[in-house]
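Only one structure is covered here, and it is reproduced in the block below.
The values are calculated or read from the model by the stated rules, or taken from the named source; none is laboratory data. Computed from a prediction, not measured in an experiment: that's the story for all the values here. Neighbour counts run over all protein chains shown; Cβ positions are idealised from the backbone, glycine included.
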Amino acid sequence: MPLSEHEQRLLDQLEQQLHADDPKFASHMEAAGSRSLSTRHIVVGSLVAVAGILVLLIGIWNQIIAVGVLGFLIMGAGVYWATTRRPARGQPAGPRRSSSAKGGFMSNLEDRWDQRRNGEDR
């Protein structure tokens, strides 16, 4: 369900305040958002994991511990390969926004709270 215009403006405002209050965290979150799961990596990782299971079962069947451990390691590597996120190609990191707010996020919330409380007291 898409956001209404009011909700979108509030979200943009919160994002701008986050950039103003903690630019390091905001840039880290932008970088994490530009990473995605690749279908190719999921398929290859799944195939490697299945091959690892087969090697593990062969090791169990033949009662060779080293082959079983090797199969487990192959299986783990396949799962790791399938689930790690990689930078998405062709996606820009996004424009940096600067906030013109004088106070931080918490001070704005406190100001709004005080305005509401003063409005109710009247």
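Can you find, within region 95-122, the residue that is nearest to the chain's Cα centre (by Cα) among those that are surrounded by 12 or more Cβ atoms within 10 Å (Cβ to Cβ) and at pLDDT below 50? Explain how you work it out, then say what you get.
Step one: filter region 95-122 for residues surrounded by 12 or more Cβ atoms within 10 Å (Cβ to Cβ), giving 97, 99, 101, 103-105, 107-110.
Then drop every residue that is not at pLDDT below 50, which leaves 97, 99, 101.
Values: R97: 20, S99: 24, A101: 27 Å.
Residue satisfying both the conditions and the ranking: R97.
Could you tell me whether region 38-48 includes any residue that is modelled with pLDDT under 95, within 30 Å of G104 (Cα to Cα) and in contact with a strand residue (DSSP E or B) (Cβ under 8 Å, 6 or more places away or on another chain)?
no
Show the residue pairs that are 6+ apart or on different chains and have beta-carbon atoms under 9 Å apart, the first residue being within region 1-13 and at pLDDT 80 or above, the second being of a type in the set (S, T, Y).
Note: pairs meeting the criteria are Q13/S99.
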